Amino acid sequence: MRLLLYLLFFITQFGFCQSKKNVSEYAKTITSKELKELLYIYSSDEFEGRETGTRGQKKAVDFLRDFYISHKISPALGTVNYFQPMELILGDLVQTENVVAIIEGSDIPEEYIIISAHLDHIGINNDLINNGADDDGSGTVALLEIAEAFQEAKTAGHGPKRSIIFLHVTGEEKGLLGSKYYTENPLYDLDKTIVDLNVDMIGRLDPKRKNKDPNYIYLIGADKISQELHEISEAVNKMYTQIKLDYTYNDENDPNRFYYRSDHYNFAKKNIPVIFYFNGTHEDYHQPTDTPEKINYEMLKKRTHLIFYTAWELANRDKRIKLKSNWNQILLIN
């Protein structure tokens, strides 16, 4: 009874904007089978570890572009056929690109939800390919499946009210460079960007976590700029996915400093609320052994569902989320 009352309170407060039946119908299109099929391609040896600027990274961006074309999801304005090109100095001058697609909103198209993941990994070391299945193949294929679900909803006449940007950033492993480039050269107004949901490693389990129940995800950053974002995230999870939301690494005193170590941080520095979805590190982190057969595909699906449901609610609610009036600027000091 207490749980029912709690959910009714949040439904009233946060107005789950389209019917539970509709959103759940589209969430079901996100399947373990499709995630697995995509990830076995994306983290295959053919992509040579996807190091920024290399031949393998170029194959990766072509794969992402071709996915969006095949699903009739539009390129972002200002891109060159989905690519946001840039030059980075990584010892040598390197030509690289973000991949950016968009599903335009029906009612408030000038406000934007960004869902991000980094497309790169660390490449080849000592003749061994680092496939990066979890880091960040898992986040990358989650974005593709979420995009497909939103596009199916739009085709059926239930598209999002706000626009959804699918942002695959390059150069994360080189220092969050692709997301830095986007926030300094935005394709869409950052003042109208209401949130960044950043997905970086969601396919594995943290062996250091005392509770061995796999039904968890670490959330970082949700309450730092917008308390309302945190509350919406909690309410969406209670209604739809019932994953244990673990805030261990959200602690300001966390020595791992994960809040500062993935692409959401460049958006946070621009006063944009963020959530970083993360499964924690493991023994295969940045190793050639980070391969797709080690992914927990059932949890990858469930975590992807959570991100989809959260994005759906943020995209369809009547008002954009509120920022804290005195959010802690100290958090932005490196």
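The values are calculated or read from the model by the stated rules, or taken from the named source; none is laboratory data. On a predicted model such as this, the values are computed, not experimentally measured, just so you know. Here Cβ is always computed from backbone atoms with ideal geometry, including for glycine, and neighbour counts include all displayed protein chains. Note: accessible area is taken over every heavy atom of the protein model, side chains too, but ligands, DNA and RNA are not part of it. Shrake-Rupley method; radii C 1.70, N 1.55, O 1.52, S 1.80 Å.
Show me the ranking of peptides 167-177, 131-141 by mean Cβ neighbours inside 10 Å, starting with the highest. Please list the in-between numbers first.
Numbers: 167-177: 23.8, 131-141: 29.9.
Most protected by this proxy first, the peptides run 131-141, 167-177.
Can you give me the long-range amide H partners of E111? Hydrogens built in the peptide plane at 1.01 Å from N, cutoff under 5 Å, separation of 5 or more residues or another chain.
S163
log10 I(q)/I(0), Debye, Cα-only the stretch 95-170, no solvent, q = 0.11, 0.22, 0.23, 0.24 Å⁻¹?
Taking Cα atoms of the stretch 95-170 as identical point scatterers yields -0.36, -0.95, -1.00, -1.05.
Restricting the calculation to Cα positions, tell me the Rg (one decimal) and the Dmax (whole number) of the stretch 127-197 in Å.
Rg then Dmax for the stretch 127-197, in Å: 15.0, 50.
Under 19 Å between alpha carbons, and skipping anything fewer than 8 positions from K269 in its own chain: which lysines qualify?
K174, K180, K192, K224, K322, K324
Greater than 18 Å separation of Cα atoms is the criterion. Which listed pairs, K33/K212; K28/K301; K36/K302, meet it?
With Cα atoms farther than 18 Å apart: K33/K212.
Please work out the C-alpha center-to-center distance from the stretch 285-305 to the stretch 151-207 and express it in whole Å.
Answer, in whole Å: 20.
Obtain the nm distance between the two label points defined at L77 and Q242 by a simple spin-label model: each point lies 7 Å from its Cα along the Cα-to-C-beta direction.
4.4
Just to verify a number: FRET efficiency for D213 and K21, C-beta to C-beta distance, R0 = 41 Å, to 0.05? List each step's numbers first, then the result.
On the way: r = 29 Å, r/R0 = 0.71.
E between D213 and K21, to the nearest 0.05, is 0.90.
Starting from the coordinates of the alpha-carbon atoms of the stretch 13-116, obtain the Kirkwood hydrodynamic radius over all distinct pairs and give the value in Å to one decimal.
16.4
What's the angle, to the nearest 10 degrees (0 to 90), between helix 139-155's Cα axis and the longest principal axis of the chain?
50
Given H placed on each backbone N at 1.01 Å, which residues far from G132 in sequence or on other chains put an amide H within less than 5 Å of it?
D290
Could you give the accessible area per residue of the stretch 70-157, probe 1.4 Å, as a whole number in Å²?
Values: 3330 Å² over 88 residues.
Computed with neighbouring chains in place, this is 38 Å² per residue.
Can you give the Rg to Rh ratio for the stretch 143-253, taking only C-alpha atoms and Rh from Kirkwood?
My calculation puts Rg/Rh at 0.97.
Divide, for the stretch 220-317, the radius of gyration over alpha carbons by 2.2 N^0.38 Å, where N is the residue count. Before the final figure, lay out the partial values.
Numbers: Rg = 14.5 Å, N = 98, 2.2 N^0.38 = 12.6 Å.
Scaled against compact globular proteins, the figure is 1.15.
Calculate for the chain the 222 nm mean residue ellipticity that helices alone would give, adding -39,500 (n - 2.57) per DSSP H run of length 4 or more and normalising by residue count, nearest 500 deg cm²/dmol.
Values: 10 runs with 112 residues, N = 334.
Using -39500 (n - 2.57) per qualifying helix, the result is -10000 deg cm²/dmol.
Only bridges whose two residues both fall in the stretch 109-233 count here: according to DSSP, what percent of them are antiparallel, nearest 5?
Details: 2 of 14 bridges.
Close to 15 percent.
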